[in-house]
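One structure is given below, encoded as structure tokens.
The values are calculated or read from the model by the stated rules, or taken from the named source; none is laboratory data. Keep in mind it's a predicted model, so treat the numbers as computed, not measured. Reconstructed Cβ throughout: ideal geometry from the backbone, glycine too, with neighbour counts over all protein chains shown.
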Amino acid sequence: MPEKLYFTVPPRFDGKPAKWFLKDFCGVSTRMITRLKREKDGILRNGKILRSVDPVHAGEQIEITLPREDSSFIMPTEGELDIIFEDAHLLVLNKPPFMPVHPVKQHQTDTLANRVAYYMAERGESYVFRAVNRLDRDTSGLVLIAKDGFCANALKNAVYKEYLAVVHGEVKDGGTVSAPIALRGDSKMVRCVADHGAPAVTHYTVLACGKEYSLLRLVLETGRTHQIRCHMSHMGHPLLGDDLYGGSREAMSRQALHCALMRFVHPVTGETLELEAPLPEDINNSIKEINFK
């Protein structure tokens, strides 16, 4: 059965065009509205077709029918999934390190998307793999997957995340790094702080510190590629294991970075969800060996 969503028009949208109600209140993208207009019974009011230009009125119930989607082909690969949360609309996973989120040229069958494709097939489900947030291959932690375009659009830039990282050196006080980030001129991958770069802001709190290493909690105000890795290196405290940005791999074979907490309002139920993923074994082992004060 097609998924149906119901919304009640609040007083502030009384007399406003349906398009603005759907976009500003319901979180339906312009692209989705265009698709809904092409669908049979895509947007209804009192069982009748509602055009995007028609005015809506306070107290009315608007019904939208999400278009059916076939998953874009991704090779299903059997493998474990650490499921933190799942319902008809969302899937939240704890991604292990050393696993890409999406298939790329070098990784066609060993990604999170491949395992989700297998999981879908086993359950007789079909949806496009839409990761709302993305983690580097070697970064572990929470990945939020929207099962439909409506939820993907509604959650864009609306998810609060906290990361945990072990960095080199003694960081005594928390603070904020506000420094623009750009692609380094001699690389297609490595970022650097540069005046011509895109604005980037990282807030950090010290959870524990020692002379050699510190454990930080980090929150991103912006979401630039490699932002935490670049900003910590810029501070003079590269991540443990992050040799791309000046860290050492003696104690860890990958950057000690983990997406530990995620908080957002469920686009359909309106419930505030706060989800956590425990630190993986390799970071835990590194912390045990650190002589924190």
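Descriptive notes on the structure:
- Verdict on Arg229 being surrounded by fewer than 17 Cβ atoms within 10 Å (Cβ to Cβ), modelled with pLDDT of 95 or more and either at positive phi or not in a loop (DSSP other than H, G, I, E, B) (or both): no
- Only one entry of Leu261, Leu215, Leu273 meets the criterion of being over 21 Å from Val92 (Cα atoms) and in a strand (DSSP E or B), and that entry is Leu215.
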